[in-house]
Amino acid sequence: MKKIALVTFIIILLGIILGLLVFAFIIGVSSGQYDYSYDIVNDFELIRSSAHEIRIIPKTGYATENEIIPAKVIEIAWNNRYVIAKQYGMKKAYPEEADNTYEIPDETVVNYWILDTENKERNGPFSYEEFSIKLQEFNLTNLQLKPVTYYRNE
C-alpha cells in the first residue's frame with residue numbers, strides 16, 4: 001500500500017513539474033525571449049523589440065529622429081564616439097489597408113548611417129559609395145560592420 005501511494009505521489013509531482021515547465025516555456029516565448037538590448041557607447045543602446053524593430057537610441061530618450069538610427073538595423077560597429085550602421089528601409093506590409101501601420105523590411109532599400117553619440121546627431125542615410133567616403137572623412141575606416149547579433153551577450 002505504501003508503494004502505491006509513493007508511486008502515485010511521484011507521478012503527481014512529475015506532472016506538476018512538467019506542467020510548470022510547459023507554462024514557463026509558453027510565457028518565455030510569448031514575452032519575447034528573442035528580444036534584447038545592449039549598451040553601445042555614450043549612453044546609447046541597440047534595442048530589438050521584434051524581428052523587424054531593431055534600432056539604436058539614447059537610453060535617456062530622444063527629442064528628434066535625428067538622434068536615432070531607425071529600424072531595421074542589421075549591422076553595426078562603434079568606437080568611443082561614433083556608431084556606424086547598415087539598415088534596411090521599412091515599407092508597409094499591407095499597403096492596400098490604409099489603417100494598418102505594420103511595417104516590414106524592404107531589403108531593396110539599404111541605408112548606411114554615422115551617429116555622433118556625443119552630439120546626438122546622425123549623418124545619413126548614405127548609399128554604400130557615399131558611406132565609404134564619409135568613413136574616410138570621419139576617420140572611421142578602422143570600424144568594420146558586423147551583424148547586430150555579434151555583440152549580443154547571452
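The values are calculated or read from the model by the stated rules, or taken from the named source; none is laboratory data. Note that the coordinates shown come from a computational prediction; the quantities given were computed from them, not determined experimentally. Every residue, glycine as well, gets a Cβ built from its backbone with ideal geometry; the counts of neighbours run over all protein chains shown.
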Restricting segment 34-89 to residues that are free of Cβ contacts under 8 Å to residues at least 60 places away in the same chain and closer than 20 Å to Asn139 by Cβ, which is surrounded by the most Cβ atoms within 10 Å (Cβ to Cβ)?
Ile69
Odd one out for Lys134, checked against (1) surrounded by 12 or more Cβ atoms within 10 Å (Cβ to Cβ); (2) in a strand (DSSP E or B):
(2)
Could you tell me whether segment 53-66 includes any residue that is in a strand (DSSP E or B), modelled with pLDDT of 90 or more, of a type in the set (D, E, K, R) and at negative phi?
yes
Would you check if Tyr102 is touching a Lys or Arg at 6+ places or on another chain (Cβ under 8 Å), in the same structural domain as Ile40 (by TED's automatic domain parsing), closer than 20 Å to Val41 by Cβ and among the aromatic types (Phe, Trp, Tyr)?
no
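So that you can scan it fast, the table gives a plain yes or no per residue for (1) closer than 26 Å to Asn42 by Cα; (2) in contact with a Gly (Cβ under 9 Å, 6 or more places away or on another chain); (3) in the same structural domain as Pro58 (by TED's automatic domain parsing); (4) crowded, with 18+ Cβ neighbours inside 10 Å:
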| site | (1), (2), (3), (4) |
| --- | --- |
| Asp106 | no, yes, yes, no |
| Val109 | no, yes, yes, no |
| Tyr112 | yes, yes, yes, yes |
| Lys120 | yes, no, yes, yes |
| Asn123 | yes, no, yes, yes |
Of all residues in segment 60-74, which are of a type outside the set (Phe, Trp, Tyr) and more than 14 Å from the chain's Cα centre (by Cα)?
Thr60, Gly61, Ala63, Thr64, Glu65, Asn66, Glu67
